[in-house]
1. Give the residue that is surrounded by the fewest Cβ atoms within 10 Å (Cβ to Cβ), with candidates limited to residues of region 198-242 that are among the aromatic types (Phe, Trp, Tyr) and touching a helix residue (DSSP H, G or I) at 6+ places or on another chain (Cβ under 8 Å).
2. Kindly evaluate Ile378 against the criterion of being β-branched (Val, Ile, Thr), surrounded by 13 or more Cβ atoms within 10 Å (Cβ to Cβ) and under 20 Å from Lys5 (Cα atoms).
3. Out of (1) modelled with pLDDT of 95 or more; (2) out of contact with any Leu (no Cβ under 6 Å at 6 or more places or on another chain), what's the single condition that is false for Phe125?
4. Taking Arg193, is it surrounded by 15 or more Cβ atoms within 10 Å (Cβ to Cβ), in contact with a Cys (Cβ under 9 Å, 6 or more places away or on another chain) and among the charged types (D, E, K, R)?
5. Could you tell me whether any residue of region 170-179 is within 20 Å of Pro78 (Cβ to Cβ) and over 18 Å from the mean Cα position of the chain (by Cα)?
6. Looking only at region 166-188, which residues are crowded, with 18+ Cβ neighbours inside 10 Å and of a type in the set (Ser, Thr, Tyr)?
Amino acid sequence: MRAKKKVLFLGPAHPYRGGIADTQNYLAKNLVKLGHEVLVFTFNYQYPKILFQGKTQYSKDPKPKGVNIKRKVHSLNPINWIKVSNEINHYSPNIVLFRYWTPFLAPCWSYIARKLSPKIKKVAFVDNWIPHEAKPWDKIMNHLFSKRIDAFVTLSKAVSDDIIRDEPNIPVWSGFHPISEDLPKIISKTKARQKLGWSEDKKIVLFFGLIRKYKGLDLLIEAFSKAPLKSSKTLLAIVGESYEKEEKYLDLIKRLKLEDRVIYDFNYAGTEYTRDVICAADVVAQTYRSATQSGVTPLAYLYQTPLLVSNLPGLKVPIEKDHTGIVTEKSPEEIAINLSKILKRNSLEFYKKKLDKISKNYTWQSFCKSMINYIEGINQRQQN
């Protein structure tokens, strides 16, 4: 057995909400299960309100058990960064994992990394390298941070490829997006629909998660007005908090005369409600315009719901490899055709059988073991 490591995480965790915070909790919890000592420093101040478009940054779920989480980091206060780096050096971890998904964090993370002891391995855990809403200074900020890092870890090859193009001399490990075993257990489609009050005799396509322009919800709505989907009785369910004006989508639904075929709930979904809506759906649709990965995919895997995804490397790779759904081009016409294909009874049965067998390949335990093995093997960089 390999020696126990002291690992410190920097980034969002409970009480913050969202996919990144959730995966941070799962990472920490599973490293503890593997015998490592883990400490999480999350934010006491994450974003200025101008940069956060949601209703709240905080989760209503209880604090995860067995994970030591402390609110320490102020993303905009350099005096705080000095204090945090001193505390980390005093704790003396073997590894510090910086959660990185926006160049906004580059000044804070790069300063803290620069002040850490050279004995500590500094690893960036990157969710997005190129932001969905790109800015001219993103590449400069990413490089500022990269100079202080020994290695990168990602959840998809698409993110790794983006990093390698900009930082070819820093090692990158491409992992996978694990499936959480801690979420509410799967229930039958019938039970889920009864709980939600959804129709039990119609096919339902689900759009799930935070709603932003790049996720292409408008393309999916328009697909319901195109043949052959137009003449079907298939329903569209939209569940997720919108980072845009909800009226944009409600007006589109009304203009296309789809009011009686669309169910919508523009609120953030907690864990049990997430389980219910995904179990209730026949298909989860990710008609994104751009993406390098998605936390919705492992949720669909967990609840054994087939997927329709856009033809983007970050989305299609697991779907094509595991035969768990259909890949579509990003036009309403193609989306309509491919949804009609996947919604056929024999197609749904085929993909659900694949999903039933595949989840054991995507555990957090196996991800954490592989990640720690990789980090142990890297050499620390000589930094200026």
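The values are calculated or read from the model by the stated rules, or taken from the named source; none is laboratory data. This structure is a prediction, so every number in the text was calculated from the model and none was measured. FYI the Cβ positions are ideal-geometry reconstructions off the backbone, even for glycines, and counts take in every protein chain you see.
1. For region 198-242, the residue satisfying everything is Trp198.
2. yes
3. (2)
4. For Arg193, the condition - surrounded by 15 or more Cβ atoms within 10 Å (Cβ to Cβ), in contact with a Cys (Cβ under 9 Å, 6 or more places away or on another chain) and among the charged types (D, E, K, R) - is met.
5. No, region 170-179 contains no residue that is within 20 Å of Pro78 (Cβ to Cβ) and over 18 Å from the mean Cα position of the chain (by Cα).
6. Answer for region 166-188, where residues must be crowded, with 18+ Cβ neighbours inside 10 Å and of a type in the set (Ser, Thr, Tyr): just Ser180.
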